[in-house]
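Here is the structure we will look at.
The values are calculated or read from the model by the stated rules, or taken from the named source; none is laboratory data. The model shown is predicted, which means the values in this text are computed figures rather than measured ones. FYI the Cβ positions are ideal-geometry reconstructions off the backbone, even for glycines, and counts take in every protein chain you see.
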Amino acid sequence: MIPALPPGMCTGQKHTRFTMSKSSSPMQLIVTAVGAHPSTMIEELSRAIGDCRCSVAEARMTDLGGDLAAYFLAEGNWNHIARLETALESLTNRLNWKLRTHRVEDVPQDQVDMIPYTVDIYAPEQPGVLHEIVSFFSFHDVQIHDVSVSRYEAPFSGSPLFTAHLIVKVPSSIRVISLRDEFLDFCDHTNLDAIMEPIKR
């Protein structure tokens with residue numbers, strides 16, 4: 001005996017196909033903040049993110065001139081992100097921070113045609129040195145993923161020295177050997193010491 005079909009279903013009937021809505025996928029919110037009392041600031045920001053049931057996908061925090069500069073990449077569904085935006089606005093008003101948020105429209109996918117490299121640069125402090133470095137990579141269509149710059153005094157002489165650490169992404173269509181040779185020539189002409197190495201995966 002052939003089992004009966006459930007009520008409302010018959011052969012040849014078209015069935016609705018259900019798919020997950022776009023709003024059910026995780027959303028991302030960039031949070032940038034500047035304010036005094038670094039320890040309190042980190043505690044309050046991390047608590048707000050956790051209380052709103054969001055997670056921290058990425059974060060950077062550093063002391064700049066005695067104030068804390070921080071940015072977070074928070075992740076959650078749309079209503080949790082909305083709650084977080086409201087909570088952060090309340091924190092800003094209560095603690096007198098400078099804080100901005102920005103929703104990421106499309107979560108970027110990994111770029112398989114890019115090769116990551118680290119670049120470490122050391123040089124005497126001179127005006128415009130960072131701009132020259134960034135312009136070199138921009139001219140060669142190399143993406144700059146991360147930049148960290150600091151200054152310190154040289155031993156004995158006390159002269160200010162510039163140091164920079166970059167993570168760049170080189171398109172696979174570029175001959176890395178030629179790019180590295182050009183970069184080292186550029187460093188020789190601008191009085192920079194530099195190392196450019198691939199990131200081991």
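Things worth noting here:
- Within region 140-172, the only residue that satisfies the criterion of being among the basic types (Lys, Arg) and exposed (fewer than 15 other Cβ atoms within 10 Å of the Cβ) is Arg151.
- One residue stands out in region 173-195 among those that are within 25 Å of the chain's Cα centre (by Cα) and closer than 13 Å to Tyr122 by Cβ: the one that is surrounded by the most Cβ atoms within 10 Å (Cβ to Cβ), namely Ala194.
- Qualifying residue in region 54-64 (condition: over 23 Å from Ser150 (Cβ atoms), modelled with pLDDT of 90 or more and of a type in the set (Gly, Ala, Ser)): yes
Residue-wise test of (1) under 14 Å from Val129 (Cα atoms); (2) in the same structural domain as Met61 (by TED's automatic domain parsing); (3) among the acidic types (Asp, Glu); (4) at pLDDT below 95.
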site: Val149; (1), (2), (3), (4): yes, no, no, yes
site: Glu153; (1), (2), (3), (4): no, no, yes, yes
site: Ser159; (1), (2), (3), (4): no, no, no, yes
site: Thr163; (1), (2), (3), (4): yes, no, no, yes
site: Ser173; (1), (2), (3), (4): no, no, no, yes
site: Val176; (1), (2), (3), (4): no, no, no, yes
site: Thr190; (1), (2), (3), (4): yes, no, no, yes
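- Restricting region 116-139 to residues that are touching a helix residue (DSSP H, G or I) at 6+ places or on another chain (Cβ under 7 Å) and in contact (Cβ under 8 Å) with a residue 60 or more places away in the chain, the residue that is surrounded by the fewest Cβ atoms within 10 Å (Cβ to Cβ): Ala123
- Options Asp106, Asp113; residue that is touching a strand residue (DSSP E or B) at 6+ places or on another chain (Cβ under 8 Å) and farther than 23 Å from Met61 by Cα: Asp113
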